[in-house]
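Novice: Take a look at the following structure, please.
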Amino acid sequence: MQGDSKGSPFVPQVQLPPITIDFETYYDKQYTLSKMNVIPYVRDPRFEVIGFSWQEEGHEAQWFSGDFHATKAKLLSLELHRRMVTAHNAMFDGSIIEWIFDIRPRKYFCTMMAARPFVMPFTGGVSLATCAEFFMLPRKTDAVRKMIGVQRTDFSADLLTEYSEYSINDTVISTMLRETLAPRLPKDEQDVIDLTIKKFLRGRLVLDRGVLEKAQEEIQLREANALLKVSAMKVTREQLVSNSLFAGLLKRQGVDPPKKTSPSTGLPTFAFSKKDPEFMALLKHNNHKVAWLVESRLTLKSSIDRTRVQAFLDVERTCPTMPVPIMYYAAHTGRFGGMMGLNMQNLPQKGALRNALRAPPGFKVIVADLKAIEARITAVLAYEVDLVRKFREGVDVYTDFASALYEKPAEDIDRSERFVGKMCILGLGFGMGPTKFKDTMDSLGVPMSEIRATEIVAVYRSLYPNIKKLWRKLDGILEKMVSIRPDGGSVWYQFPGGGLKPPLRVTHQRVELPNSMCINYPELSHGGKLNKTVYAYRSFHGPSLSTRLHIWGGAFCENIVQALARIVLVRAEVRLARSGLVSVMQVHDELVFVVPEHTVEAVKSVITRLLTDPVPWMPALPLACTIGVGDSYGECK
DNA sequence: GTGCGGGGCGCG
DNA sequence: AAAGCGCGCCCCGCAC
């Protein structure tokens, strides 16, 4: 991807060379980053900078240690507002620079983030030590262990010298890491890293304490009521939330606890999930006591509201605005993820959390999302011409498919029928089979028979035969990724109709995306099951560390589409930032902005233009976006 | 007491 | 012929 940085407000005219920084701070057994995240750590009264080391490009690394004012003076002398600041975990070092010393560097580069796409798939970690080893850089020392519990004024000269050597060593490694990683990262990705760090350091959403406290009271009341309901049976919280004890409660009421086979262990286990129809059926059991038990358990088991409201309140106490922690390249497809106990990417659609995230007075929240982006990309890759045309013409594709499914005109499709159509378009395009489709629909409150599910899958595949063919083609690519040797060059995969430009480059255990980043499938091999074109690769995101995940054409299709959708969104995000519109949050196919009220209309049109701007590597892709405006995130539906 | 795997659940 | 995918966090139960 080409960077068009010339003359943009993103880059001031006068710059200084990049600089690497590493802060050393007080820690003890309890008060440590290994037991708490950056927000409470840096905001804690115990927080203290022991010293920091820095290295300007082309110079020796240096060390400084002094009191608050001396440290601030030293930092100011470095003129960080004219530099790119590199750190290994820049969210940490940046929070010190910005929250403690009130200094705003021009730009950030985080070697821990930058390492994720290149190191994580092969090591499962991106600590400085792991990265140094992976790239054969000098070893990291562990002198920091000696510094536990020592405050700055208590350091002996010798110990402080040792600390400075440790710190300088880390800084030198981090500089080398930047020099190793930056050339591998496209300009857009470097900007994304900077923007991701700034989402955390310079949040602009304000947490509404009143909304959160009210929600907390309601949750406590709800849980108390759930316990009250079963109190006559002398049932306790412990009995409700424990699987084996809860099974005992059901048996006592003469109900055989529903069971299923564990997908991860293959052993029998209790089916006590909202997704288990047998379990949910107990809510309507003739014996009220059974229904009450299940109801109360479900209430007490749903913890996301309770814990996240508390987490938000904890942040509100110390932070003027919401720091949005987002993990860069959390998924091997490049997707982002949550972190620091605050996953901002899975906030419930209902409930108080989204309403508690507000724009400050005089500002509005704007949420823009790329409509059905994955389905659109799939249609183009598969050369499903009619489907692409419908997307381009703005046809409601979900309703359109429902119309084919129920064999009646689109005008007669009702809400629940459209919902079925939506689930088909979103799920069946990646090879979902009848059994999983039935289960998914059951769990979403649209129960259907196995036979009906089989019919629907068949209708989908016959209506979009090219999508089915795409999975077959991708089976072949997986085979290539296995058979090509590490130094065996590459083959190009041309999608029908030239859907992707340049075509997909396939090498040993990886595919290269149009922005030059790769999806890696380490240790990819045949799955081993006879007569099945199933492959397996090592993943650190599996059920356990370094388990093998299965993959086939349909799933591979989803990986590629997810990765491409992510590039589309990020491209727009970077271009918007370069034009001065910096988003405060990102949720896969959605960008969130906080803007002055009087600019809303102008901003909406810029966002629409950049989000729907044709993508150079997929000119046939029809893009559309929806935009919501409100005083809070929750209002932007 | 701590770490980890599994199940569950929220989002896309 | 058949096969959706990607996360993070909470909590329990168990191993160390």
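The values are calculated or read from the model by the stated rules, or taken from the named source; none is laboratory data. Remember, predicted model here, so these are calculated numbers, not experimental data. FYI the Cβ positions are ideal-geometry reconstructions off the backbone, even for glycines, and counts take in every protein chain you see.
Novice: Just checking, does the range A:616-637 include any residue being within 12 Å of DNA strand B (Cβ to nearest atom), in contact with a strand residue (DSSP E or B) (Cβ under 7 Å, 6 or more places away or on another chain), at positive phi and at pLDDT below 95?
Specialist: Within the range A:616-637, not a single residue is within 12 Å of DNA strand B (Cβ to nearest atom), in contact with a strand residue (DSSP E or B) (Cβ under 7 Å, 6 or more places away or on another chain), at positive phi and at pLDDT below 95.
Novice: Is the range A:243-264 home to any residue that is under 30 Å from residue A:215 (Cα atoms) and of a type in the set (A, V, I, L, M, F, W, C)?
Specialist: Yes, the range A:243-264 has at least one match.
Novice: For the range A:228-276, which residues satisfy the criterion of being buried (at least 16 other Cβ atoms within 10 Å of the Cβ) and assigned to a helix (DSSP H, G or I)?
Specialist: Listed by number, the residues that qualify are A:229, A:239, A:240, A:246, A:247, A:249, A:250.
For (1) within 27 Å of the chain's Cα centre (by Cα); (2) among the aromatic types (Phe, Trp, Tyr), each residue gets a yes or a no:
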{"position": "A:366", "(1), (2)": "yes, no"}
{"position": "A:387", "(1), (2)": "no, no"}
{"position": "A:398", "(1), (2)": "yes, yes"}
{"position": "A:403", "(1), (2)": "no, no"}
{"position": "A:420", "(1), (2)": "yes, no"}
{"position": "A:423", "(1), (2)": "yes, no"}
{"position": "A:426", "(1), (2)": "yes, no"}
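Novice: A further question on this structure: Does any residue of the range A:288-295 turn out to be away from DNA strand C (no atom under 14 Å from the Cβ) and part of a loop (DSSP other than H, G, I, E, B)?
Specialist: no
Novice: Given A:540, A:495, which one is among the aromatic types (Phe, Trp, Tyr), more than 13 Å from DNA strand C (Cβ to nearest atom) and in contact (Cβ under 8 Å) with a residue 60 or more places away in the chain?
Specialist: Being among the aromatic types (Phe, Trp, Tyr), more than 13 Å from DNA strand C (Cβ to nearest atom) and in contact (Cβ under 8 Å) with a residue 60 or more places away in the chain holds for just one of A:540, A:495, which is A:495.
Novice: Something else about it: Identify, from the list A:342, A:293, A:313, the residue that is of a type in the set (A, V, I, L, M, F, W, C) and within 30 Å of residue A:608 (Cα to Cα).
Specialist: Unique residue meeting the criteria: A:342.
Novice: Within the range A:321-349, can you find the residues that are near DNA strand C (Cβ under 8 Å from one of its atoms) and in contact with a Lys or Arg (Cβ under 6 Å, 6 or more places away or on another chain)?
Specialist: The one that is near DNA strand C (Cβ under 8 Å from one of its atoms) and in contact with a Lys or Arg (Cβ under 6 Å, 6 or more places away or on another chain): A:335.
Novice: So in the range A:326-354, with the set limited to residues that are more than 8 Å from DNA strand B (Cβ to nearest atom) and touching a Pro at 6+ places or on another chain (Cβ under 8 Å), which one is farthest from residue A:208 (Cα to Cα)?
Specialist: Within the range A:326-354, the match that is farthest from residue A:208 (Cα to Cα) is A:332.
Novice: Still on this structure, I have one more. Which members of the range A:54-106 meet the condition of being among the acidic types (Asp, Glu), modelled with pLDDT of 95 or more and not in a helix (DSSP H, G or I)?
Specialist: A:56, A:60, A:67, A:79, A:102, listed by residue number.
Novice: On to the next question. Just checking, which of A:600, A:595 is under 23 Å from residue A:325 (Cβ atoms) and in contact (Cβ under 8 Å) with a residue 12 or more places away in the chain?
Specialist: A:595
Novice: If I ask for residues that are within 29 Å of residue A:347 (Cβ to Cβ), near DNA strand B (Cβ under 8 Å from one of its atoms) and among the aliphatic types (A, V, I, L, M), which ones from the range A:254-311 would you list?
Specialist: A:271, A:298, A:304
Novice: Separate question: Pick out, from the range A:419-493, the helices (runs of 4 or more DSSP H) lying fully within it that include 3 or more residues that are of a type in the set (Ser, Thr, Tyr).
Specialist: A:434-443, A:450-463
Novice: Restricting to the range A:300-309, and then to whatever is surrounded by fewer than 17 Cβ atoms within 10 Å (Cβ to Cβ) and β-branched (Val, Ile, Thr), can you tell me which residue is farthest from residue A:279 (Cα to Cα)?
Specialist: It comes out as A:307.
Novice: Something else: Scanning the range A:322-357 for residues that are among the aliphatic types (A, V, I, L, M) and touching a Ser or Thr at 6+ places or on another chain (Cβ under 8 Å), which turns out nearest to residue A:42 (Cα to Cα)?
Specialist: My answer is A:326.
Novice: Would it be correct to say that residue A:140 is out of contact with any Ser or Thr (no Cβ under 6 Å at 6 or more places or on another chain), surrounded by 15 or more Cβ atoms within 10 Å (Cβ to Cβ) and modelled with pLDDT under 95?
Specialist: yes
Novice: Also: Would you please name the residue that is farthest from the chain's Cα centre (by Cα), looking only at residues in the range A:107-148 that are under 19 Å from residue A:199 (Cβ atoms) and part of a helix (DSSP H, G or I)?
Specialist: Here the residue is A:111.
Novice: Checking residue A:318 against (1) modelled with pLDDT of 95 or more; (2) over 25 Å from residue A:223 (Cβ atoms); (3) among the polar types (S, T, N, Q), which single condition isn't satisfied?
Specialist: (1)
Novice: If you go through the range A:355-370 one residue at a time, how many are away from DNA strand B (no atom under 16 Å from the Cβ) and among the charged types (D, E, K, R)?
Specialist: 2
Novice: Which one of these is more than 14 Å from DNA strand C (Cβ to nearest atom) and touching a Cys at 6+ places or on another chain (Cβ under 8 Å): A:401, A:391?
Specialist: A:401
Novice: So, one more: Where residues in the range A:548-591 are assigned to a strand (DSSP E or B) and either within 11 Å of DNA strand C (Cβ to nearest atom) or among the acidic types (Asp, Glu) (or both), which of them is modelled with the highest pLDDT?
Specialist: Step by step, filter the range A:548-591, then rank; the result is A:590.
Novice: Quick one: is residue A:234 within 16 Å of DNA strand C (Cβ to nearest atom), more than 33 Å from the chain's Cα centre (by Cα) and charged (D, E, K, R)?
Specialist: No; evaluated as a whole, the condition is false for this residue.
Novice: Also, quick follow-up: Suppose the filter is within 14 Å of DNA strand B (Cβ to nearest atom) and surrounded by 16 or more Cβ atoms within 10 Å (Cβ to Cβ); does residue A:576 pass it?
Specialist: Answer is no for this residue.
Novice: As an exercise: evaluate residue A:274 against (1) away from DNA strand C (no atom under 16 Å from the Cβ); (2) under 28 Å from residue A:446 (Cβ atoms); (3) not polar (S, T, N, Q) and give the number of the one condition it does not meet.
Specialist: (1)
Novice: Follow-up. Going through A:313, A:300 one at a time, which residue ends up being outside any loop (DSSP other than H, G, I, E, B) and more than 10 Å from DNA strand C (Cβ to nearest atom)?
Specialist: Just one listed residue meets the conditions, A:313.
Novice: For the range A:349-416, which fully contained helices (runs of 4 or more DSSP H) count at least 3 residues that are surrounded by fewer than 22 Cβ atoms within 10 Å (Cβ to Cβ) and among the hydroxyl-bearing types (Ser, Thr, Tyr)?
Specialist: A:397-406
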